[in-house]
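The values are calculated or read from the model by the stated rules, or taken from the named source; none is laboratory data. Owing to the predicted nature of the structure, the values given are computational and were not obtained by experimental measurement. Note: ideal-geometry Cβ built from the backbone for every residue, glycine included; neighbour counts use all protein chains shown.
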Amino acid sequence: MTGMVRDERMARMALASVSEPGDKALADLVAAEGAEAVWHSLWGPRRASRWGRRLESGRLREIVLAMQQRHLRFIMPGDAEWPEQLDDLTHVKQDKVHARPLGLWAAGPGHLAEWANGSVAIVGTRMSTRYGEALAADLAAELATRRVTVVSGGAYGIDICAHRGALAVRGRTIAVLASGLDEPYPRGNARVFEAIRANGILLSEMPPGERPSRPRFLGRNRVIAGLAVGSLMVEARIRSGAQSTLGWAEKLSRIRMAVPGPITSAQSEGPHFQLRTGANLVTNVAEVMELVAPMGQETLQFPQGPRRVVDDLGDALTEVFEAVPGSEGLSADKIAASCGRDLMSTLGALGELEELGLVEEGHGALWKLRSGSVG
């Protein structure tokens, strides 16, 4: 198999077949010596290393054949399709994972670097509620209509609903998997994966033929967070892969977002924890866009209630209006004394307020608020 490796690309593919995601020691060797030199050293001076001991299980020929059969491509640092933001993974560590991928296997028509630019990750629990599923799908669909790429992990629950939402509006979506792309996991989502393969991007750090494991899921989470400008948690328990993803987002200085849920739901524990620890509360796509769009492009106005007639009153009319009682009437001179104005200007103001339908003069020249004038 060593004879097959004659360039950097093939060497990175071969090294990925004998290592696990986020192996910093291997990444440091590749950075210092180059992937091709490191690979050949495993057959000699480094044969006793943990990577050298796995050489017999290496499947480079099988990997290349699967890539040809399934129309997969391998994207590595330096390629035009490589998202440069993933290079940030070199500098952070979490869950015993610490390194950018050696490369990524991809399937689908999308251009990874272009699609990942400005993307948003939507993540959450596999044990989702109807509330969470509907919310994930709706948020993804509206983001996709705004040409924002939706990134998620392809899992049951929130993840797959996010992918479905983007696909439903023919939008962009990237599924980052913890398995090889020849048999995407979980198999129950096979139809959605085929739709993404046809219209979006399937992505994995794992070579074809590899099965998922807990460390590989944790490694997958860092790729999701690294690709996206921000990560949004919809529903999750305190211990969940979605918490790992937002943890990576925080370490990578990406935007953390969470949707609040019912306090009686266990699936709200994760988002509420994120909110207590500094994540941004979002309830709709406009709020998401304000956070992830370039500065000044999606600014929201401060929310206000419906305008009332009294909002447009000047200072003088407001002072007199506030002195008029709601039930028992008052004479004009007492209203003037209450608001500290002279009688003539108070009578003038009362006349204007009466024309606006806000006050009325009753028996005995007593003034009171007109019914329904304030709400």
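Key figures
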| item | result |
| --- | --- |
| Residue check, residue 30 assigned to a loop (DSSP other than H, G, I, E, B), touching a residue at least 40 places away in the same chain (Cβ under 8 Å) and at negative phi | no |
| Total residues in the stretch 179-212, condition in a loop (DSSP other than H, G, I, E, B) and either at positive phi or over 21 Å from the mean Cα position of the chain (by Cα) (or both) | 15 |
| The lone exception for residue 235 - which of (1) within 25 Å of residue 70 (Cα to Cα); (2) of a type in the set (Asp, Glu); (3) touching a Leu at 6+ places or on another chain (Cβ under 9 Å) it fails | (1) |
| Failed item, numbered, when residue 116 is tested on (1) aliphatic (A, V, I, L, M); (2) surrounded by fewer than 23 Cβ atoms within 10 Å (Cβ to Cβ); (3) modelled with pLDDT of 95 or more | (2) |
| Some residue of the stretch 133-147 being over 17 Å from the mean Cα position of the chain (by Cα) and assigned by TED's automatic domain parsing to the domain that holds residue 76 | no |
| Selection from the stretch 64-80 of residues that are part of a loop (DSSP other than H, G, I, E, B) and either under 20 Å from residue 34 (Cα atoms) or touching a Cys at 6+ places or on another chain (Cβ under 7 Å) (or both) | 76, 77, 78, 79, 80 |
| The stretch 252-281, residues that are buried (at least 19 other Cβ atoms within 10 Å of the Cβ), touching a helix residue (DSSP H, G or I) at 6+ places or on another chain (Cβ under 7 Å) and farther than 21 Å from residue 227 by Cα | 261, 267, 270 |
| Residue check, residue 4 under 33 Å from the mean Cα position of the chain (by Cα), of a type outside the set (Gly, Ala, Ser) and over 30 Å from residue 246 (Cα atoms) | no |
| Yes/no for residue 250 being over 25 Å from residue 141 (Cβ atoms) and either of a type outside the set (A, V, I, L, M, F, W, C) or modelled with pLDDT under 95 (or both) | yes |
| For residue 138: the one exception among (1) charged (D, E, K, R); (2) crowded, with 17+ Cβ neighbours inside 10 Å; (3) part of a helix (DSSP H, G or I) | (2) |
| Candidate set from the stretch 232-263 (those that are farther than 22 Å from residue 149 by Cβ and assigned to a loop (DSSP other than H, G, I, E, B)); member that is nearest to the chain's Cα centre (by Cα) | 260 |
| Only one of 317, 300, 291, 347 that is under 30 Å from residue 139 (Cα atoms), modelled with pLDDT of 90 or more and aliphatic (A, V, I, L, M) | 291 |
| Matching residues, the stretch 82-101, being part of a helix (DSSP H, G or I) and in contact (Cβ under 8 Å) with a residue 60 or more places away in the chain | 85, 86, 88, 89, 90 |
| Check on residue 48, among the hydrophobic types (A, V, I, L, M, F, W, C) and not in a loop (DSSP other than H, G, I, E, B) | no |
| Filter result (closer than 15 Å to residue 318 by Cα and not in a helix (DSSP H, G or I)) within the stretch 352-366 | 356, 357, 358, 359 |
| Per-region count, the stretch 148-173, residues of a type outside the set (A, V, I, L, M, F, W, C) and either in a loop (DSSP other than H, G, I, E, B) or outside the structural domain of residue 257 (by TED's automatic domain parsing) (or both) | 8 |
| Inter-residue pairs, beta-carbon under 7 Å, first assigned to a loop (DSSP other than H, G, I, E, B) and in the stretch 325-351, second surrounded by fewer than 16 Cβ atoms within 10 Å (Cβ to Cβ), 6+ apart | 329/362 |
| Qualifying residues in the stretch 150-178 (those that are touching a residue at least 60 places away in the same chain (Cβ under 8 Å) and closer than 15 Å to residue 116 by Cα) - the one farthest from the chain's Cα centre (by Cα) | 172 |
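Matching residues to (1) buried (at least 17 other Cβ atoms within 10 Å of the Cβ); (2) aliphatic (A, V, I, L, M):
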{"site": "17", "(1), (2)": "yes, no"}
{"site": "26", "(1), (2)": "yes, yes"}
{"site": "34", "(1), (2)": "no, no"}
{"site": "38", "(1), (2)": "yes, yes"}
{"site": "42", "(1), (2)": "yes, yes"}
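Rundown of residues vs (1) hydroxyl-bearing (Ser, Thr, Tyr); (2) at pLDDT below 95; (3) surrounded by 15 or more Cβ atoms within 10 Å (Cβ to Cβ), yes/no style:
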site: 55; (1), (2), (3): no, yes, yes
site: 62; (1), (2), (3): no, yes, no
site: 79; (1), (2), (3): no, no, yes
site: 89; (1), (2), (3): no, no, yes
site: 103; (1), (2), (3): no, no, yes
